[in-house]
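One structure below.
Just so you know, all these numbers are worked out from the coordinates, no wet-lab data involved. Everything quoted here is computed from the prediction, not taken from an experiment. Cβ sites come from the backbone with ideal geometry, for glycine too, and all protein chains shown count toward neighbours.
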Amino acid sequence: MENELLIRCTDICKNFGATRALINTNFELYRGEVCGLIGENGSGKSTLTSIIAGVQGATSGEMFRNGAAYAPANMVEAQKAGVAMIVQEAGTLPTVDVASNIFVGNYELFRKHGFLDKKRMLQEAERILQEIGADDIHADMMLGDLNFEDRKIVEIARAMYLNPEILIIDESTTALAQKGRQLIYRLITKMRSENKGIIFISHDLEELETVCNRITCLRDGVMVGNLEGDQITVANMRPLMVGRELQGNYYRADYDGTVSDEIVLDVRHITSENGYIRNFSIQLHKGEILGFGGLSDCGMHEIGRMVFGLDRYITGEILHVPSQRKIKSIQDAISLKMGYVSKDRDNESLILNASIQDNTLMAAYKKLERMGLIPPDAEKKLSDHQIEVMRTKCESGEQYVNQLSGGNKQKVAFCKWLAADSEIYILDCPTRGIDIGVKAAMYDLIYRFKKEGKAIIMISEELPELIGMSDRMIIMKDGEISAEVMRDQSVTDTQLIEYMV
Amino acid sequence: MLKLQVSGHSSPEDSEQIQNELMRRAKRNERITFLLPFAGVLALIVLFTTLTGGQFLSVDNLKLLLNQCFSMEIVVIGGAFLYAIGGLDMAIGSVMALSAMVITLLFNAGLSLALSILAGIAVSVGSMCITAFVRNYLKVSPFIASMCVMNICQGLVLTIVAKLGVITFAYSRAAWIDSTLTKILTLVIMALLGYVIFNYTRFGKSLRAIGGNERAARISGIKIEKCVFGAYSIMGFALAIASLFSVIRGGTADTSIGNGMNLNVMTAIVLGGFPLSGGANAKFHAPMIGALMVTILTNGLGLLGYANSMGYAIKGLLFVTVVALTYEKSKGKLIS
């Protein structure tokens, strides 16, 4: 029984327009395996798993399950064949209740005289939520009322209700905080003991090292390697993903946390509209990387939004010290050369259905204007320069952003503020869901900003990155500062987590 | 130590060849999408010339064609701005009727032509800005708002006609406006101005950004409210100009002015390859080419002896077909 094959994919190819996402990929999953799928953004991990889960079809190639050909037309069919997936981006319906979300596409299960047996459906949903250990979410809650994390848990429930033999987890842990993570780990252990199979995509290599018993790596749509048993170490995974050895200092190398006394932003006693953050004050200095850490609902994201003028505050003021001007709106912030990289890249940072050039220049048109007109050659020059600086992987500036991988999209989101000559950067989860290659480039850039005397607020849910990059760390809990930690070699994750929970 | 296992049997050269082939196909698709509307115009001309035994290309008919397409071309110049932000609007026709009414009443009362036109523009821009206001501050779908504006304008025109009877434009005092030269000049100037504003100004670029992703545009410092008012105002301006020429040509100011314009503009937008949701794919020339196609279709069908009513049916059918074929359903809602 032990080495029984769960699924075999042979010679899978997938093209998107001119992009070849998968090239003759072979993949196998055996019973009892937790297979970590790694690779840089755009390497084809999500494409492969979405084909297995029936989200999309392959351009060519075959799949076999239990010895028979397997070609699911959609996710529901795949689920019936015992393959379920928890997706990377939230795919829930906000305006209906939790139970309806769990069973969407399968309402016929609760058919009674041609009508929907709502009561039974609610009971069943409740049972599944209990089973996966999410007893604080209830079947009759409106999905839109749940926070981001709980919505992901509803997706987990959706994936689990038909008792899948193969569970695909796609980068979920980057979106899940502690609570959901524990839940996923419990699920993995349980499924493994039941001799089922799991495909796990994550950028957190430490996590994969502890959870997986096999690692498979994709690079540019090609399967490049397999790690098993003792070979599964972070040190082995990194070069496999990038295709070369990475240099030692991933984060900045120095431990000098001193910054100039010159204050750039003075946030004085601000209170958020919903009252969650009260009387909050902080000062940002020239050449400082100010890190904000905490659980995802600790209020740090809201601070970033208020400082940029995106969310309103009802008391206090935010003062741009060099100009003595107050920041009340996005326009104020931008005219004072501030830039904001949102956590929600696809909805708030980018126009997906527009070119790299259009996206890059969105905040810089004022600068390019000559007598009311914008010369096209100046546009192209500025945009191409940014592509070069960031080494964005693309055909040309005319390529549409929706064709780029996550990491390259994030580069474009950064480019927008570089092109606008921003001096103060508010970065909300700047490396969320991007791979180590691009991450390293981002850290490099942020450090360069610091050296150039720019000021950076870096809000992050990843503690190693905060500790690795910040001059000063503000740890938040329940809308308040619970600790302020200066840069030091001795700071550890565990220390900071104490202040977070 | 590391077990490297490269799967896939294709050699690097093969791989490059496949990549090049895919690129070529993508480029070709892009070119086809660009050329398709032009090919459509040409095909229609050839079709109707053959079917009418050359009558379609006669000087008289070409003059008629200019007159027929003129108003719509002026309207779609404004329409490009409105539809760049995805501003599907049902009030276009009735705003035109109201504007024509204002111009005629004032001009007949002895006001100078320039002042009458200015008043027409004011009323037209004002009416369009009602929709912009509702969209910006009441957060109601502009489509719904435009329905209300349509009813308001129509109601006003009907009330005035009911009170004053038939209102005829004092044609003799401004006959020069109805000349081919004036029309061509007006069209060329407006098209050029529109082209420059649409493609080479911050405003024009901002509109397409709003159509693409309003939230991202706002966070990038684009003043959404101001731009929306701008787009609706330009549409209003174009409508007023078009209404002047329409009333002079038609003779009387009533609800027949602008009749069918809503569908015509939408059809023109779609036939020209302009996305109804706006965004970066919105090209300025597209609605103008589309308007030409719609007019040729109307004119040609007329020459062939099909009644106007049949023309509506055919245009309606064409609209649905083209939308179904071209609209990327995954990208979002048609009416937001």
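By its C-alpha gyration tensor, with a ≥ b ≥ c as the square roots of the eigenvalues, how is the range B:55-326 shaped: rounded for a/c under 1.5, else prolate for a/b larger than b/c, else oblate? Taking the square roots of the gyration eigenvalues as a ≥ b ≥ c, the range B:55-326 is oblate. Per-residue Karplus couplings for the range B:63-79, computed as 6.51 cos²θ - 1.76 cosθ + 1.60 with θ equal to phi - 60°, are listed in order as 4, 4, 4, 4, 4, 5, 8, 4, 4, 5, 4, 4, 4, 6, 4, x, x Hz, Gly and Pro entered as x. A Förster radius of 51 Å, combined with the Cβ-Cβ distance separating residue A:444 from residue B:320, puts the computed FRET efficiency at roughly 0.45.
Per-residue ellipticity at 222 nm, computed for chain B from helices alone with -39500 (n - 2.57) per DSSP H run of at least four residues, works out to -24500 deg cm²/dmol. Rounded to two decimals, the Cα radius of gyration of the range B:51-192 over 2.2 N^0.38 Å is 1.21. Placing a pseudo-label 7 Å from each Cα along the Cα-to-Cβ vector at residue A:492 and residue B:159 gives an inter-label distance of 7.9 nm.
Relative contact order, whole percent, for chain A stands at 15, derived from Cα pairs under 8 Å and 6 or more residues apart. Separation of the range A:138-161 from the range B:60-104 is 49 Å, based on Cα centroids. For helix A:436-451, report the angle its Cα long axis makes with the longest principal axis of the Cα atoms of chain A; keep it between 0 and 90° and round to the nearest 10°. The two axes meet at around 10 degrees. Altogether, the Stokes-Einstein calculation at 4 °C and 1.567 mPa s, with the Kirkwood radius of the protein assembly as shown over Cα pairs as Rh, returns a diffusion coefficient of 43 µm²/s.
Working from Cα positions, state the angle (0 to 90°, nearest 10) between the long axis of helix A:118-131 and the longest principal axis of chain A. It works out to around 80 degrees. Under a model in which nothing but the beta-carbon of Lys, Arg (+1) and Asp, Glu (-1) is charged, the range B:99-232 shows a dipole of about 480 debye around its Cα centre. Using C-alpha pairs under 8 Å with a sequence gap of at least 6, the mean separation divided by the residue count of chain B gives a relative contact order of 30 percent.
Computed over the alpha-carbon atoms, the range A:5-242 gives an Rg to Rh ratio of 0.97, Rh here being the Kirkwood radius from the mean inverse distance.
Using alpha-carbon pairs under 8 Å, 6+ residues apart, how would you state the relative contact order of the range B:28-159 in percent? Across the range B:28-159, relative contact order equals 25 percent.
Relative to the Cα centre, the charge distribution of the protein assembly as shown, modelled as +1 at Lys and Arg Cβ and -1 at Asp and Glu Cβ, gives a dipole magnitude of about 2900 debye. Look at A:356, A:128 and count the other Cβ atoms within 10 Å of each Cβ; fewest to most, that gives A:128, A:356.
For the protein assembly as shown, the residue among B:316, A:363, A:199 whose Cα projects farthest onto the positive side of the dipole built from Cβ charges is B:316. Computed from the C-beta positions of residue B:193 and residue B:137 and an R0 of 30 Å, the FRET efficiency is 0.55 to the nearest 0.05. As an equivalent ellipsoid, chain A spans semi-axes of 40, 27, 23 angstrom, where each value is the square root of five times an eigenvalue of the C-alpha gyration tensor, largest first. Positive-end ranking of A:75, A:208, A:153 along the dipole of the protein assembly as shown, with charges on Cβ about the Cα centre, is headed by A:75.
Bridgeable lysines around residue A:190 (alpha carbons under 21 Å apart, same-chain partners fewer than 8 residues away excluded): A:80, A:152, A:179. Using the alpha carbons alone, the radius of gyration of the range A:420-480 stands to its Kirkwood radius in an Rg to Rh ratio of 0.96.
Grab the beta carbon distance between residue A:16 and residue A:380, set R0 = 30 Å, and tell me the FRET efficiency rounded to 0.05. FRET efficiency, residue A:16 to residue A:380: 0.70.
Under a 5 Å amide H cut-off, with hydrogens placed 1.01 Å from N, residue A:22 pairs with A:14 among residues at least 5 apart or on other chains. Averaged over the residues of peptide B:196-205, the number of Cβ atoms from other protein chains lying within 10 Å of each residue's Cβ is 4.
Sorting A:46, B:233, B:179 by the number of Cβ atoms found within 10 Å of their own Cβ, with the fewest placed first, yields B:179, B:233, A:46. Averaged over peptide A:342-352, the number of partner chain Cβ atoms lying within 10 Å of each residue's Cβ comes to 4. Dipole size of the range B:55-326 about its Cα centre, with +1 on Lys/Arg Cβ and -1 on Asp/Glu Cβ: approximately 640 debye, rounded to the nearest 20.
Dividing the helix sum by the residues of chain A, where each DSSP H run of 4 or more adds -39500 (n - 2.57), gives a mean residue ellipticity at 222 nm of -9500 deg cm²/dmol. Below 28 Å, Cα to Cα, which lysines can residue B:183 reach? Residues fewer than 8 away in the same chain don't count. Residue B:183 reaches B:63, B:283, B:315. Cross-link pairs exceeding 29 Å between alpha carbons, from the set A:337/A:451; A:343/B:223; A:381/A:450; A:286/B:226: A:286/B:226. Centroid-to-centroid, using Cα positions, the range A:416-490 and the range A:337-357 are 18 Å apart.
Please determine, in degrees from 0 to 90 and to the nearest 10, the orientation of helix B:308-326 with respect to the longest principal axis defined by the Cα atoms of chain B, where the helix direction is its Cα long axis. It works out to around 20 degrees.
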